Every structure is written in C-alpha cells, then in structure tokens.
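Please read the structure below before turning to the comments.
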Amino acid sequence: MTAAKAARQVFGFFGFLGRRTGKTRVFAALGLIPVALAILVRVFLHGRAGLMADVSTEILMVFFLQFYIVILALFYGTSVAAEEVENRTLSYLITRPIPKTSIVLGKFAAYAALMFAMVGLSLGLSYFIINAARLGDPEVYGTFLRYLGVLGLGILAYTAFFTFLGTVLKRAIIVGLVFGFGWENVIQYFPGSTQRFSVVHYLKSLLPYTPGSTPTGRGVALLLFRLEPTSPVVAVLVLAAITGVLLALACVVFRTKEYLPEE
Amino acid sequence: MSAVIAATNLSKWYGNVLGLNDVTLELEEGITGLLGPNGAGKSTFMKLITGQLKPNIGTVTIRGRKVWNDPEIFRGIGFCTEQDVFYEDVTGWEFLKGLLRFYGYTPAEIAERAARALDIVGLTEDKDRLIRGYSRGMRQRIKFAQAVAHDPEILILDEPLSGLDPLGKRKLIRLIRDFKSQGRTVLVSSHVLPEIEALTSRIVLIHQGKILAQGDIPFIRELIEKHPHQISVRSSDPRALAARFVGDTSIQKMTFDPDGRTVVVETHQRDGFFGRLTGVVLEAGIEVDEISSPDDNLQSVFEYLVEK
C-alpha cells in the first residue's frame, strides 16, 4: 500500500474515531458559546445591525482566533502521537503494514478536518445570526469566507505545531498551553518585527480589514490592536511553511523515535 | 528448518534498567512459549520483534528481514498486546473493520474478514456493542480477533490468557491451537506455566532479560541433571514397594504421604526408575493404583532454573 493510500485509510479511521470521542463532544459544546453570544447580540441589538454587528463579529473572531482554534489544535494536535502513547494503543497502529509517516499525516488530516467542521459550524451559525439583517449584502458572504479561510489556515498551522510538539515531548500539553496562551498572546502585541514570531500575527494579517482601513470603526478592536500586518501573500506563505515544515519534522520524529511505555 | 524469527545478540535497556541482555534466539514454525516471571523481559522481547522498540544492540529479523521501520513485514504478522487497551468508543465490529483498512482490502473484503474473525472468537452476537462495555474475556477475545483477522502467517501473543476465567482460557487455548494446526507460527508469552504447558512443549525460559534455557521439556530436563524428579506411587503396600528400592543408588529420597498409601520418590533417573518399578511391581505382586509425577510440570523446572 502506498503511503498516500495508507494515510487515507488512517484519515478514515481516525475521522470516524474522532467523531465518537468525548473530547469532540466537549469541544463541539464549546463551539456553542459564540452561537449563544450571537443570539444574545441579535436579541438585544435587533434593528441596529450595522456597526454593532461588525463589532460583535470581531469579538467573535477574537474567541475563534485566539482561543477556540488554539485550544482545539492544542488538544487534537498533541494527541496525534501522544494519545496513542499514553493510551498504549500505539501497538495497534505500528504493527500494521502502513508507514509511520502515514499515521501522522492521516491523523493530522482527520483531526484538522474535524476541527474545521466544528469551527465552521460554530462560526457559520454565530456569524449569520449576528448578520441576519444583512443577508442580502454579498460582502457578508465574502467576509465570512475570508474568516473561514483564516481560521482554516490557523487550524493547520497550530495543529502542525502541536503535532510536532506531541511527537517530541511527553508533556506536550503543558508546553503547548504556554505557547498557545502565553507566547502567542503576548508576542503579538510587541511592536516592530517581534510580533512576526507568532502564528497569530500572520492570521490577523489575513483578516478582511487592516488597522485604520475603514471609517466605521473596524480595525480598532482587540484583533487589530498594535498589529503591523504582513502582506497577505507573505502571510499565507509563512503559514503554509509553518504547516509543512512542522508536519515534516513531526513525521521524521515519529518515524525514528522509539516511544517507551511509562512503567 | 530455517528460523522464522531470529534475534542475534539482542539487548535493550531503558535508561539504567536492562530489559533484555544479549539474547540470541531462533524460533521456528509451530507454537513456542516464552516463559518467565513478571519483569523477566518477555514484553520487551515481544515489542522488539514487533518493531515497537528499537534494539540498543543486536538485530531481530522475521523471515530474514529486519523488523524496525519495515511496515510491509506486518502484512504477515498478527500481534496481541499484553495490555488491556482499546479504542473504547467503537464497537467490536468497527474496531476490526477500522484496523483491517490498513491492509488495503476492499470494503467487501474488510467486512468479510471482520465477520470471520468475530465468528472465530465467538463475538458475532456482541459485535455491535461498544468495546468499553465488553467483559474482560470479551476484550481478550476481540484483541485476539484483531491479531488474526488479516490471516497472518505469524502470530505473536503477549500474555493472551491473562485475566481470563478458566472457560475463557480453554476457548482461547483452543483457538491458538487451531491457528497452529494450520501450519502457522505462534509465539506466546506467559508467566503462568500451566498456560504454556497447555499450548506447547516447546519453551523458552526467560528471566532478568536473559534466556535461561530453550527447547522442549525433555531437552530442558537434560539441561538440569541435578534437578531431581518427584514420582508419586499410590499402591496397596507402599512400604514394601519402598523397601525394594532402598538399595537403588539413583534414588535420593523416599517419603510417605499421610494417607499411608503413597510413596513419593525423588530420583535423577526418571525413565530408569519407571523401568525398574514395572519389574518390582510384577515381581512382588504389589497392586499399584496410580503413578504420577507431581513435578512433571514446567513450574518446578522453571523454579529450579531460576534458582540455579
């Protein structure tokens, strides 16, 4: 069996398993928070859809960009390798005629797809509830797709990072928490080029607005605070490079490393 | 006959702890029992020959191919882990089908093989229950099923009978024997000697990471000439029988059981004693009810070797 076919089989198996786990139910429930918030906004701001809808959407994006995709990627990414070791189920996978790299790539893809589905559903519901009054405006759909794309790239980059971390470290979650909610949260507000050492900087650079770009108040909220954006093309390339390089490293480590049981 | 599984100067350590020490071993077709107490190195050996661990020193090959990072080799190997671990949120049917996907079968083949494996282990009726709801015996059987579902040539079973009730053990022993009767190779580990004894007479004794002895039971007995055999003879007149053997220099000790009808003889020459016993019984007209060898069991051999 080729590595690509093996990865597809792993994708199928873990896509199925991933949907069954309690972890997925918990994180899917977490995705209801912005939906509930959107309903509240819709109820209380009914008839004042313009500016407030924009601001509310941006608040939602803070949740998605700086919390939801990070926590999802942290738990799913590190679990690509670590859950097999901790749950001792690794022997079921590595005693099969499939390359170890296919296990990493297949699980990564399965979990990324699962996360994307959760994020997409949550974002879609909350976004269109908030912007229900503007559904006739094509820009609403364009902005939604842009948000979805940004979050998708974020899921890939963060998950690749945490997958790599999970293949290398035994306690990857702790290091991942420090990175995801420490480093990423702080470094993005540093002036100059320092903020480019965070993943979120490139994600924010792809948002459908930039600081001071509109007179309506867009770009003045949390998401754009102190952002010195990178050009969208460079941002996409950097995110793709982060994903590719870290996934490749994760594959190399998983293929060569020996995972000893903790006894 | 060429070796199916071969380990050469195999050593493995975990930090400062030695898991396996310079093991050289060749395993042929049929059932081989790997016997040793907990922590002897059985699981380390199993993990090395299934590519889960990388040797620090030495090599391990299956059919001449090095195991580490050679996934194709697992097309012909079935492995049953010692640990009671599963993907708990799936049914037995989904578990088997999921793992069978990794062999490149068509969906129809996957379903057919999964159904056959479930049938072999007698779990067809419970196939749609979540594994987390399975009893210990069912979990052991589904673990066995995933090891044989792809019809492997070599089956490696790490403590497969652990935790099973007597009936469950009998069923699994029958399954393993059936598998062997199809000309396959089985390596089965256990720390319980009667379990191995029920499966095979070809054993490898392992202790503290070293191979103490290997071969069939008579061969191992030859290795331990100093180990006396106990033979228990229940007869109508055990003392008269004992009197006939007092001058026999091959006999080290004779004791009488409290029942007053049994004499227990310790000898280094078991076969010779049985030959002389037949003559004595016929000559003296002593009625013999039962002859048994209490230590004709691997337990005593193992204990002796470990102490040696």
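The values are calculated or read from the model by the stated rules, or taken from the named source; none is laboratory data. Source: prediction; values computed, not measured. Heads up, the Cβs are rebuilt from the backbone with ideal geometry, glycines too, and the neighbour counts pull from every protein chain shown. Surface areas here come from the heavy atoms of the whole protein model, side chains and all, with no ligands, DNA or RNA. Shrake-Rupley method; radii C 1.70, N 1.55, O 1.52, S 1.80 Å.
Of the residues A:Arg8, A:Arg42, A:Arg20, A:Arg88, only one is away from chain B (no Cβ under 14 Å), open to solvent by 30 Å² or more (accessible area, probe 1.4 Å) and basic (Lys, Arg); which? First the steps, then the outcome.
Values: A:Arg8 fails: away from chain B (no Cβ under 14 Å); A:Arg20 fails: away from chain B (no Cβ under 14 Å); A:Arg88 fails: away from chain B (no Cβ under 14 Å).
Of A:Arg8, A:Arg42, A:Arg20, A:Arg88, the one residue that is away from chain B (no Cβ under 14 Å), open to solvent by 30 Å² or more (accessible area, probe 1.4 Å) and basic (Lys, Arg) is A:Arg42.
A:Met1 satisfies every condition listed in (1) touching a helix residue (DSSP H, G or I) at 6+ places or on another chain (Cβ under 7 Å); (2) at the interface with chain B (Cβ under 10 Å from one of its Cβ atoms); (3) among the hydrophobic types (A, V, I, L, M, F, W, C) except (1).
Show me the helices (runs of 4 or more DSSP H) entirely contained within segment B:216-308 in which 1 or more residues are in contact with a helix residue (DSSP H, G or I) (Cβ under 7 Å, 6 or more places away or on another chain) and at pLDDT 85 or above. Give the derivation first.
Details: elements: B:217-223, B:238-245, B:270-284, B:298-307.
Passing ranges, in order: B:238-245, B:270-284.
When the residues of segment B:12-39 are filtered to those that are among the small types (Gly, Ala, Ser) and within 14 Å of another protein chain (Cβ to nearest Cβ), the one that is most open to solvent (accessible area, probe 1.4 Å) is B:Gly39.
From the list A:Val70, A:Val35, the one residue that fits, being modelled with pLDDT of 95 or more, part of a helix (DSSP H, G or I), within 23 Å of A:Leu151 (Cβ to Cβ) and away from chain B (no Cβ under 11 Å), is A:Val70. Counting only residues that are touching a Pro at 6+ places or on another chain (Cβ under 9 Å) and at the interface with chain A (Cβ under 7 Å from one of its Cβ atoms), which one in segment B:71-100 is nearest to A:Glu83 (Cα to Cα)? Within segment B:71-100, the match that is nearest to A:Glu83 (Cα to Cα) is B:Gln83. Please determine whether any residue of segment B:43-58 is more than 12 Å from every other protein chain (Cβ to nearest Cβ) and over 20 Å from B:His191 (Cβ atoms). Checked against the condition, which is being more than 12 Å from every other protein chain (Cβ to nearest Cβ) and over 20 Å from B:His191 (Cβ atoms), segment B:43-58 yields at least one hit. Return yes when B:Glu153 is touching a residue at least 24 places away in the same chain (Cβ under 8 Å), surrounded by fewer than 18 Cβ atoms within 10 Å (Cβ to Cβ) and within 22 Å of B:Val67 (Cβ to Cβ) and no when it is not. Criteria met by B:Glu153.
Among the listed residues B:Ser162, B:Ser189, identify the single one that is in a loop (DSSP other than H, G, I, E, B), modelled with pLDDT of 80 or more and out of contact with any Ser or Thr (no Cβ under 6 Å at 6 or more places or on another chain). Walk me through how you get there before you give the answer.
Details: B:Ser189 fails: in a loop (DSSP other than H, G, I, E, B).
Result: B:Ser162 is the single residue among B:Ser162, B:Ser189 that is in a loop (DSSP other than H, G, I, E, B), modelled with pLDDT of 80 or more and out of contact with any Ser or Thr (no Cβ under 6 Å at 6 or more places or on another chain).
Checking A:Gly106 against (1) in contact (Cβ under 8 Å) with a residue 60 or more places away in the chain; (2) within 14 Å of chain B (Cβ to nearest Cβ); (3) open to solvent by 10 Å² or more (accessible area, probe 1.4 Å), which single condition isn't satisfied? Of (1) in contact (Cβ under 8 Å) with a residue 60 or more places away in the chain; (2) within 14 Å of chain B (Cβ to nearest Cβ); (3) open to solvent by 10 Å² or more (accessible area, probe 1.4 Å), only one is false for A:Gly106: (3). The set of residues in segment A:126-152 that are among the small types (Gly, Ala, Ser) and either farther than 19 Å from A:Lys204 by Cα or in a loop (DSSP other than H, G, I, E, B) (or both) comprises A:Ser126, A:Ala132, A:Ala133, A:Gly136.
In segment B:45-157, which helices (runs of 4 or more DSSP H) lie fully inside it and hold 1 or more residues that are over 24 Å from the mean Cα position of the chain (by Cα)?
Numbers: elements: B:92-100, B:107-120, B:136-148.
Because the criterion is at least 1 residues that are over 24 Å from the mean Cα position of the chain (by Cα), the helices (runs of 4 or more DSSP H) in segment B:45-157 that meet it are B:92-100, B:107-120.
Total residues in segment A:153-198 satisfying the condition of being open to solvent by less than 10 Å² (accessible area, probe 1.4 Å) and either closer than 25 Å to A:Val104 by Cβ or outside any helix (DSSP H, G or I) (or both): the figure is 16.
When you scan segment B:101-110, how many residues do you find that are of a type outside the set (Val, Ile, Thr) and more than 7 Å from chain A (Cβ to nearest Cβ)? Let's see the steps before the verdict.
Residues of segment B:101-110 of a type outside the set (Val, Ile, Thr): B:101-105, B:107-109.
With more than 7 Å from chain A (Cβ to nearest Cβ) added as a condition, the list becomes B:105, B:107-109.
Result for segment B:101-110: 4.
Got a sec? Which of B:Glu88, B:Glu125, B:Glu82 is touching a residue at least 40 places away in the same chain (Cβ under 8 Å) and farther than 23 Å from B:Ile154 by Cβ? Just one listed residue meets the conditions, B:Glu88. Flag set for B:Arg113, criterion: open to solvent by 30 Å² or more (accessible area, probe 1.4 Å) and away from every other protein chain (no Cβ under 13 Å).
Across segment B:59-70, the number of residues qualifying as out of contact with any helix residue (DSSP H, G or I) (no Cβ under 7 Å at 6 or more places or on another chain) and away from chain A (no Cβ under 11 Å) comes to 5.
The set of residues in segment B:62-102 that are open to solvent by less than 10 Å² (accessible area, probe 1.4 Å), within 23 Å of A:Arg19 (Cβ to Cβ) and in contact with a Lys or Arg (Cβ under 9 Å, 6 or more places away or on another chain) comprises B:Val90, B:Gly92, B:Leu96, B:Leu99, B:Leu100, B:Phe102. Against the conditions (1) at pLDDT below 90; (2) under 23 Å from A:Ile173 (Cβ atoms), A:Met52 satisfies every one except (2).
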